[in-house]
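Here, each number is a calculation from the coordinates, and none is a lab measurement. Predicted, not measured: the structure shown is a model, and the values here were computed from it. Cβ sites come from the backbone with ideal geometry, for glycine too, and all protein chains shown count toward neighbours.
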Amino acid sequence: MLQYKQELLYFKIGGVIINKIRIILADDHAVLRSGLKSLLNSDPQFEVVGEAENGIEAISLVKSLVPDVLILDLSMPDMNGIDCIKEIRSRGLTCPILVLSMYDDEEYIKEVMRSGANSYVLKKSADTELIESIIKIHKGKRYLSEKLSQSLLNNLLYTDSDTYDLQHPYKVLSVREREVLRFLALGHTNSEIANTLSLSPKTIDTYRSRIMNKLNIHKKSDLVNYAIQYKLITI
């Protein structure tokens with residue numbers, strides 16, 4: 001967890017003093033955080049005031065620094081992004097949250113936004129959409145990546161087209177179980193998944209058994225097919 005000394009948190013345009021937008025970055029990949037920090041700090045509108053590598057650290061920084069915007073990854077160790085968002089909101093913290101993710105599954109996006117996020121930006125679109133998204137949610141608006149459908153934006157908080165499908169992963173599996181399922185379907189070993197999520201291989205094996213029991217699936221190939229069918233992974 002990194003917290004930076006806050007010195008000049010404003011800039012001037014034509015003699016007018018404008019407060020900078022203070023940002024916390026939460027992502028377990030240090031290289032990505034470094035790139036985002038460089039991008040944002042190069043713009044006089046923004047100042048990165050802290051960095052977190054997991055959800056627990058992010059909550060602590062949001063509470064202590066009271067930033068204007070939190071930029072959050074979803075797949076982090078110790079506490080994933082969705083649980084982090086829920087915990088932040090349960091504590092009454094109103095900081096706008098921008099989720100930066102590689103996942104474009106509609107049901108996943110719905111769950112993220114319903115949890116209390118203000119924006120969902122695809123990582124592949126960050127170079128063109130991140131700045132606009134930060135500015136919009138700082139002004140109290142919502143933002144979704146342009147590649148996500150307008151119909152999703154309009155109905156995001158109120159519709160659920162899959163209530164009839166009792167096998168849908170967002171009905172059957174927890175957030176962590178879906179996260180483990182994605183890694184399994186992509187061919188990662190228990191040890192690799194455990195290392196990524198800061199869990200033990202034995203815990204991952206327990207998740208694997210629980211997932212297969214819930215879905216009534218008995219073969220790895222069927223697990224992969226299920227993940228593809230419900231767009232948890234793409235091939």
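Report the extension gain between SER60 and SER174 in nm, rounded to one decimal, defined as 0.36 nm multiplied by the number of residues separating them, less their alpha carbon distance.
38.6 nm
Placing R0 at 45 angstrom, the Cβ-Cβ distance between SER191 and ASN19 gives a FRET efficiency of 0.45 after rounding to 0.05.
When ARG89, ARG178 are ordered from fewest to most other Cβ atoms inside 10 Å of their Cβ, what list results?
Values: ARG89 15, ARG178 22.
So the residues, fewest neighbours to most, are ARG89, ARG178.
Taken one residue at a time, the phi angles of the range 209-217 give Karplus couplings (6.51, -1.76, 1.60, θ = phi - 60°) of 5, 5, 4, 5, 5, 4, 8, 6, 10 Hz. Gly and Pro are set to x. Put in order of Cβ neighbour count within 10 Å, fewest first, the listed residues LEU70, LEU223, LEU186 become LEU186, LEU223, LEU70.
Multiply the residue gap between LYS219 and ASP205 by 0.36 nm, knock off their C-alpha separation, and tell me the result in nm, one decimal place. Write out the running numbers ahead of the final one.
Numbers: separation 14, 0.36 × 14 = 5.04 nm, distance 1.43 nm.
The LYS219-ASP205 span can extend by a further 3.6 nm.
Which FRET efficiency, nearest 0.05, do LYS139 and LEU93 yield, Cβ-Cβ r, R0 22 Å? Efficiency at R0 = 22 Å is approximately 0.75.
For ILE21, the residues 5 or more places off, or on other chains, whose built amide H falls under 5 Å of its own are PHE46, GLU47.
Taking a 18 Å limit on the Cα-Cα distance, which of the listed pairs LYS171/LYS219; LYS63/LYS86; LYS37/LYS123; LYS110/LYS171; LYS110/LYS147; LYS123/LYS220 fall beyond it? Kindly include the intermediate steps, with their values, before the conclusion.
Working: LYS171/LYS219 21 Å; LYS63/LYS86 14 Å; LYS37/LYS123 15 Å; LYS110/LYS171 13 Å; LYS110/LYS147 15 Å; LYS123/LYS220 29 Å.
Distance filter (> 18 Å) returns LYS171/LYS219; LYS123/LYS220.
Averaging the Cα positions of each part gives two centres, and for the range 63-122 and the range 196-235 these lie 24 Å apart.
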